[in-house]
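Visitor: Dumping the structure here so I can ask a few things about it.
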Amino acid sequence: MINVAIDGPSGAGKSTIARKIAAALGYVYVDTGAMYRAIGVHVMRNGLHTDNREEVCSVLDNAIITIGYVDGEQHVFLNDDDVSTDIRLPAASMAASNVSAIPEVRQHLFNLQQDIAKNNNCIMDGRDIGTVVLPNAQVKIFLTASAEVRTKRRYDELKAKGTPVDFDVLLAEIQQRDYNDSHRDVAPLKQAEDAILLDCSEMDIEQTSAAILRIIGEKI
Ligand code: DC
């Protein structure tokens, strides 16, 4: 199977780009951040703290995460409940960042992620795909952009959906998540040694997708 790993910080455009590329190549798109978000939603629904390891672990066994595809779009199910909308709420972002620092949570999702990659040609995006989940992926890309550019993109996205947002609050959240994601002990966000670095601060979606398709074409 052909596996393409795309890692990078929040808001770099990984999911938009990965979804487009997967559609162009006929591969399955796997958004691993959505899985961490679903665990975060699960913990919040249980009224527990997402940054408390014991509390999170106490409900982990009750969180069956599955993914399915509806019209080619990935949907995430938490115990058969489609949580694809809830996981995009701002509270779910920080919850995901918190639970993703807990080793048991990562282990819980690791097998699911590897199984999908074993059985499908896929584009998988996340933070540790090239370093931990799919170290043998044929193509690895580290996609990044400045924190300000990433905040502006997320701001426009949320605004378009009618979600009330404040730019400075969003920027602070993105910086906090960058810090959390890259400083945790387990599987921190970092570029794999054999990943190609792509800074898309000055590129639009079309240009970024074209650049990545070119890289994939050269590697495969
Ligand atoms: O990509 P995203 O914003 O939906 O990810 C949500 C959080 O999940 C993010 O703060 C980091 C975490 N995450 C992770 O630790 N490992 C992954 N492979 C994907 C996401």
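The values are calculated or read from the model by the stated rules, or taken from the named source; none is laboratory data. None of the values given here were measured: they were computed from a predicted structure. Don't worry about glycine lacking a Cβ; one is built from the backbone with ideal geometry, like all the others, and counts go over all protein chains shown.
Visitor: When you look at Gly33, is it within 10 Å of the ligand (Cβ to nearest atom) and surrounded by fewer than 24 Cβ atoms within 10 Å (Cβ to Cβ), yes or no?
Guide: It is true that Gly33 is within 10 Å of the ligand (Cβ to nearest atom) and surrounded by fewer than 24 Cβ atoms within 10 Å (Cβ to Cβ).
Visitor: Sort out which residues of region 1-17 are surrounded by fewer than 16 Cβ atoms within 10 Å (Cβ to Cβ) and either part of a helix (DSSP H, G or I) or within 15 Å of the ligand (Cβ to nearest atom) (or both), and write them in order of number.
Guide: The one that is surrounded by fewer than 16 Cβ atoms within 10 Å (Cβ to Cβ) and either part of a helix (DSSP H, G or I) or within 15 Å of the ligand (Cβ to nearest atom) (or both): Thr16.
Visitor: Shifting gears a bit: Taking into account only those residues within region 179-220 that are of a type in the set (A, V, I, L, M) and free of Cβ contacts under 8 Å to residues at least 12 places away in the same chain, which is surrounded by the most Cβ atoms within 10 Å (Cβ to Cβ)?
Guide: This residue is Met203.
Visitor: Now, a different point. Hey, can you tell me all the residues within region 165-210 that are within 21 Å of Tyr155 (Cα to Cα), in contact with a Pro (Cβ under 6 Å, 6 or more places away or on another chain) and assigned to a loop (DSSP other than H, G, I, E, B)?
Guide: none
Visitor: Can you say whether Glu148 is within 13 Å of the ligand (Cβ to nearest atom) and surrounded by fewer than 19 Cβ atoms within 10 Å (Cβ to Cβ), as far as the supplied structure shows?
Guide: no
Visitor: A further question follows. Of Ala187, Ala137, Ala195, which residue is under 20 Å from Val30 (Cα atoms), at pLDDT below 95 and of a type in the set (A, V, I, L, M, F, W, C)?
Guide: None of the others qualify; the one that does is Ala187.
Visitor: Would you pick out the residues in region 91-112 that are within 11 Å of the ligand (Cβ to nearest atom) and more than 12 Å from the chain's Cα centre (by Cα)?
Guide: Ala92, Met94, Ala95, Asn98, Val99, Ala101, Ile102, Val105, Arg106, Leu109, Phe110
For (1) in contact with a Gly (Cβ under 9 Å, 6 or more places away or on another chain); (2) among the aliphatic types (A, V, I, L, M), each residue gets a yes or a no:
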| residue | (1), (2) |
| --- | --- |
| Thr50 | yes, no |
| Ser58 | no, no |
| Asn62 | no, no |
| Val76 | yes, yes |
| Asn79 | no, no |
| Ser84 | no, no |
| Arg88 | no, no |
| Val99 | yes, yes |
| Glu104 | no, no |
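Visitor: Ile87 - would you say it is of a type outside the set (Lys, Arg), crowded, with 22+ Cβ neighbours inside 10 Å and away from the ligand (no atom under 13 Å from the Cβ)?
Guide: The answer is no for Ile87.
Visitor: Restricting attention to region 125-137, and to residues there that are farther than 25 Å from Cys57 by Cβ and within 11 Å of the ligand (Cβ to nearest atom), which single residue is nearest to the chain's Cα centre (by Cα)?
Guide: Selected residue: Asp125.
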